[in-house]
Amino acid sequence: MAVPIAVLDCDLLLYGRGHRTLDRFKLEDVTDEYLVSTYGFPRQFICYLVDLLGATLSRPTQRSRAISPETQILAALGFYTSGSFQTRMGDAMGISQASMSRCVANVTEALVERASQFIHFPKDEATVQALKDDFYALAGMPGVLGVVDCTHVAIKAPNAEDLSYVNRKGLHSLNCLMVCDSRGVLLSAETHWPGSLPDCTVLEQAALTSQFATELHKDGWLLGDSSFLLRTWLMTPLHIPETPAEYRYNMAHSATHNVIERTFRTIRSRFRCLDGSKGTLQYSPEKSSHIILACCVLHNISLQHGLDVWSAPATGHMEQSEEEYEQMESVDSEACRVRQELLLTHFS
């Protein structure tokens, strides 16, 4: 049984002169079942994270003692997957709740620094074609490079005067714009948008729009729901389908776009700090955004390691788009032409 230790200065535990580490908890001392039930991930995955983040989490300072990268990672995973700084978990690991909070901050920033390494669109032609083929196999929708949507994550109120984070339900949140492939791997994640912004405004201002408008749209398109405007690189459903081809197009669109909704359910099922079941994220918008992005990085890494949780049941309160939007119809004649050509070529 681990013995809790008194902590007078949390920083003393995090970094140390000479890299002397405080290892009250060791992976080899516990079973695989315990790691999965307590920290949400198996031993092999945790060891991979230690190799990936170890150098960053071992940065020296003038402090006298340090928590090992292994323990910092376990503390962070415990928070991400449970949604709370549990005293029992801190006691078992030999660190205080305050030290666990600092560990979460360190690991979060280390993951955010590597976001572009794990969350990105493919560049080479063979991988792009494979991306399209995988989407086509779902419901017969051609040329799809990703499915896009927004989801809200609840946060604490920044301050009484700032209403920019209050969404349409009167709750404070971040509106997160994400794109995924047919397996649920995230290709883009912008987690910092204030909850008051409608989905269409988030997309209009997002880096994703600049990326597709200038680079990727010639190779295919994204699929988005009716909260977004039709663009040459973003296919949306028809508001009122009339012909059999238009019905077939809408059905294929809906079946394919459903992947992003399943992905949101997967993320909230694995990372309970985001699902609202333990309350809102008790951080500033910036820090909350980084925690969400860190979870997105871990989501992609877990899929790379074969940890697929498509079958996980829906839980919690992480909401899909908070909006009660009107159907958005584009006035972009070129975008309308592209969609009509798609209808005639593949669904007539």
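The values are calculated or read from the model by the stated rules, or taken from the named source; none is laboratory data. Because the structure is a prediction, the values reported are computed rather than measured. No Cβ is skipped: glycine too gets one built from the backbone with ideal geometry, and neighbour counts run over all protein chains shown. With ligands, DNA and RNA removed, areas are computed over all heavy atoms of the protein, side chains included. Shrake-Rupley method; radii C 1.70, N 1.55, O 1.52, S 1.80 Å.
Accessible area per residue was computed with a 1.4 Å probe on protein heavy atoms; M100 scores about 0 Å². Label separation (M251 vs D134): 2.6 nm, computed from points 7 Å beyond Cα along the C-beta direction.
Accessible surface ranking for R231, R339, 1.4 angstrom probe, highest first: R231, R339. Restrict the search to the range 201-304; then list the GluC sites (Glu not before Pro) that DSSP places in a loop and that have at most 14 other Cβ atoms within 10 Å of their Cβ. Answer in residue order: E242.
What accessible area per residue, rounded to a whole number of Å², is obtained for the range 181-235 using a probe radius of 1.4 Å? Normalised by residue count, the accessible surface of the range 181-235 is 35 Å². Taking amide H as placed 1.01 Å from N in the peptide plane, V185 has no amide H partner under 5 Å among residues 5 or more places away or on another chain. The protection proxy used here, the mean number of other Cβ atoms lying within 10 Å of each residue, ranks peptides 267-277, 26-36 as follows, highest first: 267-277, 26-36. Working from Cα pairs under 8 Å separated by at least six residues, relative contact order for the range 151-214 is 29 percent. Straight-distance candidates among the lysines for linking to K278, with alpha-carbon spacing under 18 Å and chain neighbours fewer than 8 residues away dropped: K156, K287.
Qualifying chymotrypsin sites (Phe, Trp or Tyr not before Pro) in the range 193-239, where qualification requires a DSSP coil assignment and no more than 12 other C-beta atoms within 10 Å, are lacking entirely.
Around D149, with a cut-off of 10 angstrom between Cβ atoms, what is the net charge of the other residues, counting Lys and Arg +1 and Asp and Glu -1? Provide the component values of the computation, followed by the final result.
On the way: positive: none; negative: D199, D225, E261.
Net charge in that neighbourhood comes out at -3.
Sequence-ordered 3J(HN,Hα) estimates for the range 32-43 from the Karplus curve with 6.51, -1.76 and 1.60 and θ = phi - 60° stand at 4, 4, 5, 4, 5, 6, 9, 10, x, 9, x, 4 Hz, glycine and proline given as x.
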